[in-house]
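A short write-up of the structure that comes next.
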């Protein structure tokens, strides 16, 4: 890969943009801060100034993933589908994408393995599950929601680590979703109804589509952030004259 043009006003945003690109294309585990620094023609110390550890850099991408998933939930709701079905489809797409792409699996497994990024995932998902499953758990305290999310995130991690040659994808999805919905007190008839809808779709196609949309979203967000930084710098320079 050629060196990246560094004529931009914000080194931190440059690092985020390139790291996101490399994590998604080559894998988080295979990408080093030294490689990022070399491609940006900066010293590794420039990276650690903004991001003390590699996990701190990963956490930025996890934040963007959480924002993307929220947009997907909103999109499904606008299509007239329930938040419960939206939740099931989101998890299905994540499991399917990891099944089909080793780089994607590496990203998610790394995110679930890091204490820093796992905490972000749990905080985000606790709020999400309260919205999705709140009607089935009306008396739960905040502590109960948080403790349950700790269990559910472990189930999700175990599912992401399972490969289709061990258990078929449709079976993984059915077992995982049924277990999670049972934990959140979703009635059996409703569980079966949502599972039937999920299992009728092409899970692999869904995972591939959502993965493409996520990549496009990350690229767009990071590019917009850089453009905004350029405009802000230009405005500041203009006002100082």
All positions within the stretch 182-205 that are more than 17 Å from residue 93 (Cα to Cα), without any contact (Cβ under 8 Å) to a residue 60 or more places away in the chain and not in a helix (DSSP H, G or I): 184, 185, 187
Residues of the stretch 137-170 that turn out to be at pLDDT 95 or above, assigned to a loop (DSSP other than H, G, I, E, B) and surrounded by 14 or more Cβ atoms within 10 Å (Cβ to Cβ), as a count: 2
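Conditions (1) under 27 Å from residue 105 (Cβ atoms); (2) modelled with pLDDT of 90 or more, marked per residue:
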position: 35; (1), (2): yes, yes
position: 45; (1), (2): no, yes
position: 48; (1), (2): no, yes
position: 53; (1), (2): yes, yes
position: 59; (1), (2): yes, yes
position: 68; (1), (2): yes, yes
position: 73; (1), (2): yes, no
position: 78; (1), (2): no, no
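Residue-wise test of (1) assigned to a helix (DSSP H, G or I); (2) at pLDDT 95 or above.
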site: 175; (1), (2): yes, yes
site: 180; (1), (2): yes, yes
site: 212; (1), (2): yes, no
site: 216; (1), (2): yes, no
site: 226; (1), (2): yes, no
site: 232; (1), (2): yes, no
site: 238; (1), (2): yes, no
site: 241; (1), (2): no, no
Matching residues in the stretch 68-84 - criterion: being without any contact (Cβ under 8 Å) to a residue 60 or more places away in the chain, more than 18 Å from residue 135 (Cα to Cα) and outside any loop (DSSP other than H, G, I, E, B): 69, 70, 74, 75, 76, 78
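Residue-wise test of (1) in the same structural domain as residue 162 (by TED's automatic domain parsing); (2) crowded, with 17+ Cβ neighbours inside 10 Å; (3) more than 27 Å from residue 196 (Cβ to Cβ).
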position	(1), (2), (3)
41	no, no, yes
69	yes, yes, no
89	yes, yes, no
102	yes, no, yes
107	yes, yes, yes
110	yes, yes, yes
116	yes, no, yes
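The values are calculated or read from the model by the stated rules, or taken from the named source; none is laboratory data. Because the structure is a prediction, the values reported are computed rather than measured. Cβ coordinates were reconstructed from backbone atoms using ideal geometry, including for glycine residues, and neighbour counts include every protein chain displayed.
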